[in-house]
Amino acid sequence: MGLGQIYFNLQGREGEGIVSRDEYTRLAEQLSKDLLELRDPTSHTRIVRAVYKRDDVYSGPFLGNAADLQVGLEDGYRVSWQTTLGGSPPGIVYPNMKKWSGDHAAYDYWTIAGVLVSSRKIEGGAPRMMDVAPTVLKYFGVAIPNDIDGKPLF
């Protein structure tokens, strides 16, 4: 599960893929539903806050490289330390009660208060993750490629 990403073993994309293109949408729907029903066995609270499907959140020429699903965990949960390194330990998701000061975990981005280190006012609407790269490029005076997703925030 890495940092909350799930890649299907897709025919034509993976060398030994077994999931057909016809099965892809059904698998994404079912797995998303199942993940959203996961409960902590002790407190019975939800573990997964949201599941984002690749085609709903990503676009562009490298779409095929994106995870098929991105899992956003509820506050207080994280993927195991081992999965971030490619391992697959028992109990992939763990309670996380340590003080959070920066981590590579699978928190749902809507639950984390983000700060763009700037006192400048953000122009137009809610910022998106894809707006960070063009904002940084503009800030440093680097030309923004025409095919980049997102727009500068100020």
Review point. Has the stretch 129-151 got at least one residue that is of a type outside the set (Asp, Glu), at pLDDT below 85 and not in a helix (DSSP H, G or I)?
Key: no
Review point. Do you know which residues across the stretch 31-44 are surrounded by 11 or more Cβ atoms within 10 Å (Cβ to Cβ) and either modelled with pLDDT of 90 or more or within 17 Å of Gln70 (Cβ to Cβ) (or both)?
Key: Leu31, Ser32, Asp34, Leu35, Leu36, Leu38, Arg39
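The values are calculated or read from the model by the stated rules, or taken from the named source; none is laboratory data. The model shown is predicted, which means the values in this text are computed figures rather than measured ones. We place every Cβ from the backbone using ideal geometry, glycine too, and count neighbours over all the protein chains shown.
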